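**Q** So that we are looking at the same thing, I have put the structure below in structure tokens.
The values are calculated or read from the model by the stated rules, or taken from the named source; none is laboratory data. As the structure is a prediction and not an experimental result, all values here were calculated from the model. With ideal geometry, Cβ positions are generated from the backbone for all residues, glycine too; neighbour counts draw on all protein chains shown. Surface areas here come from the heavy atoms of the whole protein model, side chains and all, with no ligands, DNA or RNA. Shrake-Rupley method; radii C 1.70, N 1.55, O 1.52, S 1.80 Å.
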Amino acid sequence: MQQLLDTAEKIRTMEIRGAGRIAAAAARALRDYVEMLETSSFEEFVAKVEKAKSILIETRPTAVSLPNAVMLAGSYDAETVEKARSQILDSATEFIQNADNALDNIGEIGAKRLRDGDTVMTHCNSHAALAIIKTAHKQGKRIKVYATESRPRRQGFITIKELSDAGIDTTLIVDSAVRYTMKNVDTVIVGADSITVNGALVNKIGTSQLALAAHEARVNFISAAETYKFSPSTLFGDLVEIEERDPEEVISKDKLGDMPDVKISNPAFDVTPSEYIDLIVTEAGAFPPQMAYVIIKEHLGWELEKMG
């Protein structure tokens, strides 16, 4: 349990960040916990597994990859401890392997949308988005990239390091330069933290700014997302909760000492409507956002009666 709690804390504090990496880390933590869980009582086993799932899920409210990963990795239908344990270990291992393979497939599918000489803009730090860019580069296409700083946590610094290590021509821009720079861009590629049943994209704060600027400039806007980033709960009208993070990420309290009337808002995500999204690239193929319902039903495999 301590190992699982440590992973949960790393997810909560963003030491582990990015929807895909969060999902894989949660699946591994649950797998390792279940493997070492000692009990002969099936009721106790179920209670402890459900408690572990809740601990992981509650760390980050917005990234649907987290509850989806926990649900898929922790699935079982056996009624004995050892059979249930075996099923969970198999489910978790399968999820982790599929998550790794998904990035390769997304890279291959998405790279077909990039041409030699294209300039791409990306935001935050998405393994799925970078998989497309890196794959196109490996194919010999001359790709240039504008990467946003992605304040306040500056995940863009991680992105430019990854792109530089891959030998890709990269320029870092401040977030407020997105509209100014869009005139030089052929395609915008971002990741996803959640995709709703109506095809709306919930992603790092500032994503909607890129989408609006791209729409105005007639630039293609693509989201790269593993299928487990689609949100089944939105089938039933649930809204994706937008996480409000610690104001200290924006400005320290001591700097606000003589400004008692100032408040800090630090939303971690925003929502991009489906009409500003040209394509969602998944490991199962490239789809218009209007097909989000099909992805949820057919690729996540969630039956309606399981969503009570």
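**Q** Could you run through segment 231-280 and say how many residues are more than 23 Å from Thr59 (Cα to Cα), charged (D, E, K, R) and over 19 Å from the mean Cα position of the chain (by Cα)?
**A** 7
**Q** Any idea which of His137, His123, His127 is within 27 Å of Ser176 (Cβ to Cβ), at pLDDT 95 or above and under 23 Å from the mean Cα position of the chain (by Cα)? Reasoning before the result, please.
**A** On the way: His137 fails: within 27 Å of Ser176 (Cβ to Cβ); His127 fails: at pLDDT 95 or above.
Residue meeting the stated conditions: His123.
**Q** Would you check if Ala284 is over 15 Å from Ala192 (Cα atoms) and open to solvent by less than 50 Å² (accessible area, probe 1.4 Å)? Steps first, please.
**A** On the way: over 15 Å from Ala192 (Cα atoms): yes; open to solvent by less than 50 Å² (accessible area, probe 1.4 Å): yes.
Yes: the conditions hold for Ala284.
**Q** Could you tell me which of the residues Ile251, Ile242, Ile280, Ile295 is modelled with pLDDT of 95 or more and not small (Gly, Ala, Ser)? Give the derivation first.
**A** Values: Ile251 fails: modelled with pLDDT of 95 or more; Ile242 fails: modelled with pLDDT of 95 or more; Ile295 fails: modelled with pLDDT of 95 or more.
It is Ile280.
**Q** Mind telling me which of the residues Asp118, Asp77, Asp100 ends up being among the acidic types (Asp, Glu) and at pLDDT 95 or above?
**A** On the way: Asp77 fails: at pLDDT 95 or above; Asp100 fails: at pLDDT 95 or above.
Exactly one of Asp118, Asp77, Asp100 is among the acidic types (Asp, Glu) and at pLDDT 95 or above, namely Asp118.
**Q** Scanning segment 119-146 for residues that are open to solvent by 10 Å² or more (accessible area, probe 1.4 Å) and out of contact with any Gly (no Cβ under 9 Å at 6 or more places or on another chain), which turns out nearest to Val219 (Cα to Cα)?
**A** Only one residue tops the list, namely Thr119.
**Q** Output the residue which, of all residues in segment 23-45 that are aromatic (Phe, Trp, Tyr) and over 13 Å from Leu5 (Cα atoms), is least open to solvent (accessible area, probe 1.4 Å).
**A** Within segment 23-45, the subset aromatic (Phe, Trp, Tyr) is 33, 42, 45.
Adding the requirement that they be over 13 Å from Leu5 (Cα atoms) leaves 42, 45.
On the way: Phe42: 48, Phe45: 0 Å².
Once the filter is applied, the top-ranked residue is Phe45.
**Q** Right, Arg153: out of contact with any Leu (no Cβ under 9 Å at 6 or more places or on another chain), of a type outside the set (Asp, Glu), at pLDDT below 95 and not in a strand (DSSP E or B) or not? Step through it out loud before you land on a result.
**A** Values: out of contact with any Leu (no Cβ under 9 Å at 6 or more places or on another chain): yes; of a type outside the set (Asp, Glu): yes; at pLDDT below 95: yes; not in a strand (DSSP E or B): yes.
For Arg153, the condition - out of contact with any Leu (no Cβ under 9 Å at 6 or more places or on another chain), of a type outside the set (Asp, Glu), at pLDDT below 95 and not in a strand (DSSP E or B) - is met.
**Q** Kindly check whether there is at least one residue in segment 46-60 that is open to solvent by less than 10 Å² (accessible area, probe 1.4 Å) and within 26 Å of Thr282 (Cα to Cα). Please lay out each step first, then the result.
**A** Of segment 46-60, the ones open to solvent by less than 10 Å² (accessible area, probe 1.4 Å) are 49, 52, 56.
Adding the requirement that they be within 26 Å of Thr282 (Cα to Cα) leaves 56.
Yes, because at least one residue in segment 46-60 is open to solvent by less than 10 Å² (accessible area, probe 1.4 Å) and within 26 Å of Thr282 (Cα to Cα).
**Q** Just name the residue that is farthest from Gln209 (Cα to Cα) out of those in segment 222-281 that are buried (at least 18 other Cβ atoms within 10 Å of the Cβ) and among the aromatic types (Phe, Trp, Tyr).
**A** By that ranking, first place goes to Tyr228.
**Q** Is there a residue being within 23 Å of the chain's Cα centre (by Cα) and part of a loop (DSSP other than H, G, I, E, B) anywhere in segment 80-89?
**A** Checked segment 80-89: no residue is within 23 Å of the chain's Cα centre (by Cα) and part of a loop (DSSP other than H, G, I, E, B).
**Q** Residues that are on the phi > 0 side of the Ramachandran plot: list the strands (runs of 3 or more DSSP E) wholly contained in segment 182-296 that include at least 1 such residues.
**A** Working: elements: 187-190, 201-204, 220-224, 269-272, 279-282, 285-287.
In segment 182-296, the matching strands (runs of 3 or more DSSP E) lie at 285-287.
**Q** Which one of these does Leu103 not meet: (1) open to solvent by 10 Å² or more (accessible area, probe 1.4 Å); (2) within 30 Å of Phe45 (Cα to Cα); (3) of a type in the set (A, V, I, L, M)?
**A** Condition not satisfied by Leu103: (2).
**Q** Is there a residue being surrounded by fewer than 16 Cβ atoms within 10 Å (Cβ to Cβ) and over 19 Å from the mean Cα position of the chain (by Cα) anywhere in segment 10-22?
**A** Within segment 10-22, not a single residue is surrounded by fewer than 16 Cβ atoms within 10 Å (Cβ to Cβ) and over 19 Å from the mean Cα position of the chain (by Cα).
**Q** When you check Ala29 against the structure, is it over 21 Å from Thr227 (Cβ atoms) and in a helix (DSSP H, G or I), yes or no?
**A** Details: over 21 Å from Thr227 (Cβ atoms): yes; in a helix (DSSP H, G or I): yes.
Criteria met by Ala29.
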